[in-house]
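The block underneath contains the structure these notes are about, expressed in structure tokens.
No lab work stands behind these numbers, since they all come straight from the coordinates. Keep in mind that what you see is a predicted model, and the values were worked out from it rather than measured. No Cβ is skipped: glycine too gets one built from the backbone with ideal geometry, and neighbour counts run over all protein chains shown.
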Amino acid sequence: MVFVTGIGIISAIGKNVSETLSSLLEGRTGIGKINHLQTIHKNNYVVGEVNHSLQELESLAGLKNSNYNRTTLLSLLATREALTSAGIKNVSTYRTGFISASSVGGMCHTELLYKDFLEHKSHKNFIDTHYTGVHATDVVKHFGIIDYVTTISTACSSAANAIMLGARLINNNILDRVVVGGTDALCKFTFNGFNTLMILDKEWCKPFDDNRKGLNLGEGAAYLVLESERVVKAENKKTIAILSGYGNANDAYHQTASSPDGQGAYAAIQKALAIANLSPNKIDYVNTHGTGTANNDLSEATAMKNIFKKNIPPFSSTKAFTGHTLAAAASIEAVIAILSIQHKTIFPNLNCITPMQDTKLFPVTSLQKNIEINHVLSNSFGFGGNCSSLIFSKN
Amino acid sequence: MENLIENLKKQIIEQLNLAEVKPEEINASAPLFGEGLGLDSIDALELIVLLEKSYGLKIQEPKDAKNIFQSVATLAEYISSHKK
Amino acid sequence: MSNYILSYTKIKNSCLWHNGKLITQNADTNNYTGFLDETYKFLNLSYPKFFKMDALSKLGVLCAEQILVDETIGSLYPKEKIAIVLSNKNSSLQTDIAYSKTMSDFPSPSLFVYTLPNIVTGEISIKHKITGENAFFIESDFNADLLHNYTELLLQNSDATLCGWLNVDEYICDGFLYFVAKQSASDEKKINFIKHNPTNITQLYTN
């Protein structure tokens with residue numbers, strides 16, 4: 001069995017778990033105007049931006065002149081909170097790993113600095129951080145994690161795959177505990193690209209609404225600490241939740257669009273249920289991928305109808321709170337799923353007014369408290385047909 | 001109009017990387033999407049780029065594009081009636 | 001039952017190798033994109049979508065082809081039980097650069113599609129209708145231990161895995177894919193199969 005013993009998060013709705021929970025409970029979205037990202041689209045779009053400049057993030061991390069880029073700092077802050085919340089003071093007591101995920105890596109800085117790199121040699125440090133995996137090697141160096149490090153890059157399902165790999169390494173006794181999750185910072189390249197695909201909504205996104213126009217990009221990082229049963233018993237540790245199921249499948253349909261009947265999503269959810277040894281009717285809440293694009297929400301709703309048939313559990317997309325945080329999305333939403341279990345609350349799918357005509361499914365649109373939540377399904381579907389689902393269960 | 005259609009065929013082949021297709025193989029009134037050339041949603045976006053790049057015509061919503069991109073002929077029709 | 005490498009392909013220095021045998025090559029080792037397009041024609045692929053792909057996806061699709069169409073190998077396994085595990089160092093950097101050049105006037109959506117390294121797993125899956133698990137790792141160098149360990153874990157639930165390293169930079173493309181599956185001790189063909197371990201994986205990659 002794999003236990004979650006710590007969580008850490010930073011996103012547009014808060015710089016830690018406590019702020020995140022407040023925002024979720026108060027229905028306070030993090031979607032708003034662009035303040036920090038330097039882009040020509042600044043006044044035309046809304047995003048889920050972390051409300052701190054690079055200098056402020058450095059300060060929060062207790063660092064100065066670190067040359068860590070935004071992606072790395074977000075990762076570091078969330079990792080620190082996760083390790084602290086898991087009560088881990090010495091990472092070398094057990095075989096400890098770090099599995100992260102990112103799509104942007106250091107590009108948030110290199111895109112600004114590479115043009116005059118030859119004139120300004122001082123930029124060299126940032127140029128060296130371009131590669132996706134550098135944030136992970138920086139973070140493990142900072143915390144002294146030496147037993148295992150790798151970075152996964154499978155688009156929007158990346159962090160879920162990091163979580164899955166972590167669980168497998170523990171189940172196969174390769175690691176005793178592992179910090180798993182993902183990080184992504186907003187950057188011009190990504191912004192420009194999503195705009196070119198015409199899947200951005202210039203206004204606040206409306207996941208699962210019949211009139212939805214697209215997604216809002218977001219940024220952030222979140223990590224879980226997963227520990228084995230043996231370590232939890234030996235340390236007499238308080239556990240937060242159980243990672244009871246996980247599944248991944250390829251949609252095999254299109255490079256960026258999901259299949260109309262959500263085949264990949266269906267297969268991933270089925271696998272997760274099988275590992276958790278749960279029938280669909282045991283799921284109490286689904287935190288959906290729910291990006292707000294015409295394509296994803298229809299595909300995911302269709303997959304849910306095929307899995308759950310007439311008994312669709314309450315579901316919501318929390319991307320109208322945080323934006324679509326790309327490689328960090330699955331871990332940010334894993335933390336939200338766990339908060340849901342801990343606080344017996346289903347967080348609302350904000351900004352959804354008109355039910356989808358084609359599937360007639362409608363998410364939870366207001367805060368639901370005092371709900372007994374034993375099992376939460378969390379979906380994340382990435383470009384390249386990479387579909388992942390996780391199931392978290394109450395202790 | 002004939003010239004425009006012939007030029008469009010060449011531009012479409014180039015813009016969409018249809019390396020194995022020759023202009024004479026494209027029927028001007030055959031559907032571009034679904035059957036015919038079997039183009040997909042990304043190809044539709046590239047056609048939007050082509051319209052702006054080569055003809056200065058901007059399409060704001062992908063949904064508007066559906067009728068315009070039905071065939072090479074409808075695309076040519078749109079260009080000649082809107083071109084400044 | 002142990003896991004064995006049943007088939008492998010390599011593309012490097014404008015050469016395509018399959019199970020150690022040279023299949024085709026081009027004298028011009030500097031032009032790998034030309035070689036990839038020629039190999040497509042040489043293999044008679046008849047898959048027009050190939051020409052929309054970036055170099056990384058072309059490399060992956062070509063490396064995967066002979067393994068997956070082989071009736072004694074690829075076709076034997078249910079598509080939903082074949083996993084794909086790929087890795088590289090450069091992610092999608094070449095295409096990122098190409099896309100960034102279009103950003104100043106007419107950004108290209110078809111280029112942006114390929115600015116993620118795992119799109120190649122999508123392309124292989126689409127072509128061969130493979131719907132099993134898939135992952136993509138970014139590593140600073142070819143890592144046989146990672147491929148071995150992760151694949152051994154996956155084979156607890158998958159029947160077979162296509163795995164390897166696909167790395168592209170401005171001058172070089174380096175492709176190495178292999179197919180690994182469980183084989184029983186009594187399988188006659190076993191004499192041609194290679195035991196799945198990091199030493200053998202490294203040897204196949206470097207030779």
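Helix-only arithmetic for chain A: the sum of -39500 (n - 2.57) across DSSP H runs with n ≥ 4, divided by the residue total, places the mean residue ellipticity at 222 nm at -10000 deg cm²/dmol. Under 1.5 on a/c is rounded, so check that first for chain C, then, if it is not, pick prolate when a/b is larger than b/c and oblate when it is not; a ≥ b ≥ c are the square roots of the alpha carbon gyration tensor eigenvalues. Since a/c reaches 1.5 and a/b is larger than b/c, the shape of chain C is classed as prolate. Comparing mean-square fluctuations of A:87, A:106, A:382 from a GNM of chain A with C-alpha springs under 10 Å, the top value falls on A:87. In the calculated pair distance distribution of the stretch A:242-393, what percentage of Cα-Cα distances lie above 18 Å? So the pairs more than 18 Å apart make up 52 percent of the total in the stretch A:242-393.
In summary, the helical segments of chain A meeting the span-like criteria, namely a full DSSP H run, a Cα extent along the axis of 15 angstrom or more and a mean Kyte-Doolittle hydropathy of at least -1.0, are A:70-85, A:158-171, A:263-276, A:294-308, A:329-342. Straight-line cross-link reach from residue A:369 at under 14 Å between alpha-carbon atoms covers these aspartates and glutamates, not counting any fewer than eight positions away in the same chain: A:26, A:284.
Between B:48, B:71, B:33, the Cα set farthest toward the positive side of the dipole of the stretch B:4-84 (charges on each charged residue's Cβ, about the Cα centre) is that of B:48. Please identify every one of the chymotrypsin sites (Phe, Trp or Tyr not before Pro) in the stretch A:113-173 that sits in a loop by DSSP and has no more than 16 other beta carbons within 10 Å of its own beta carbon. Sparse-neighbourhood loop chymotrypsin sites (Phe, Trp or Tyr not before Pro): A:114, A:117. In whole Å, what is the distance between the alpha-carbon centres of the stretch B:1-19 and the stretch A:201-256? Going from one Cα centre to the other spans 44 Å.
Per-residue Cβ neighbour counts within 10 Å put A:286, A:91 in the sequence A:91, A:286, beginning with the fewest.
Relative contact order of the stretch A:242-393, taken over Cα pairs closer than 8 Å and 6 or more residues apart, is 36 percent. At an R0 of 25 angstrom, the distance between the Cβ atoms of residue A:236 and residue A:141 translates into a FRET efficiency of 0.25. Counting Cβ atoms of other protein chains within 10 Å of each Cβ in A:379-386 and taking the mean gives 6.
Which of the helices in chain B, when you take each full DSSP H run, stretch at least 20 Å along the axis at their Cα atoms and have an average Kyte-Doolittle score of 0.5 or higher? Within chain B the helices that satisfy the rule are B:41-55. For a test of the definition: using alpha carbon positions, the gyration tensor, and the 1.5 limit on a/c, classify the protein assembly as shown as rounded, prolate or oblate. Because its axes are fairly even, with a/c under 1.5, the protein assembly as shown counts as rounded. If R0 is 30 Å, the Cβ-Cβ spacing of residue B:22 and residue A:211 corresponds to a FRET efficiency of close to 0.10. The mean number of Cβ atoms from other chains found within 10 Å of a Cβ in peptide B:56-67 is 1, as a whole number. Here the Gaussian network model covers chain C, with springs between Cα atoms less than 10 Å apart; of C:124, C:138, C:84, C:138 fluctuates the most. Which one, A:52, C:62, C:99, projects farthest toward the positive side of the charge dipole computed for the protein assembly as shown from Cβ point charges (K/R +1, D/E -1)? Looking along the dipole axis, the top candidate is A:52.
No disulfide-compatible partner, judged by a Cβ distance under 4.7 Å, exists for the following cysteines of chain A: A:156, A:205, A:352, A:387.
Remark: chain B carries a charge dipole of roughly 360 debye about the Cα centre, counting +1 on each Lys and Arg Cβ and -1 on each Asp and Glu Cβ. For residue A:141, go through the lysines and keep the ones whose alpha-carbon is under 18 Å away, minus same-chain ones fewer than eight residues off. Once the sequence-local lysines are set aside, what remains near residue A:141 is A:64, A:89.
Determine which lysines satisfy two conditions relative to residue A:271: a Cα distance under 25 Å, and not lying fewer than 8 residues away in the same chain. Residue A:271 reaches A:282, A:305, A:309, A:310, A:319, A:394, C:79, C:81, C:127, C:129, C:182. Its Cα centre serving as origin, chain A has a Cβ charge dipole (Lys and Arg +1, Asp and Glu -1) of approximately 540 debye. Given R0 = 56 Å, the distance between the Cβ atoms of residue B:81 and residue C:81 translates into a calculated FRET efficiency of 0.55.
Counting every pair of alpha carbons in the stretch A:2-234, the share spaced more than 24 Å apart comes to 46 percent. Taking the Cα atoms of the stretch A:221-327, the ratio Rg/Rh between the radius of gyration and the Kirkwood radius comes to 1.02. Pairwise Cα distances in the stretch A:134-282 exceed 26 Å in 41 percent of cases.
Per residue of peptide C:117-130, the mean number of Cβ atoms on other chains within 10 Å of the residue Cβ is 6.
Modelled spin-label separation between residue C:43 and residue B:57, with each label point placed 7 Å from Cα along the Cα-to-Cβ direction: 3.9 nm. Among A:103, A:66, A:23, C:7, the ranking by other beta carbons within 10 Å of each residue's beta carbon, starting with the fewest, stands as A:66, A:23, C:7, A:103.
Of all DSSP-defined beta bridges confined to chain C, some 70% are antiparallel rather than parallel. Taking A:332, A:307, A:269 as the candidate residues, the one with maximal mean-square fluctuation in a Gaussian network model of chain A, Cα springs under 10 Å, is A:307. Checking the cross-link pairs C:21/C:89; A:124/C:12; B:9/B:58 against a 28 Å limit on the alpha carbon distance flags A:124/C:12 as lying beyond it. Which one of A:114, A:286, A:134 has its Cα pushed farthest toward the positive end of the charge dipole of chain A, where Lys and Arg give +1 and Asp and Glu give -1 at the Cβ? After comparing all options, I get A:286. In terms of its C-alpha gyration tensor, the stretch A:1-120 comes out oblate, because a/c is 1.5 or above while a/b does not outweigh b/c.
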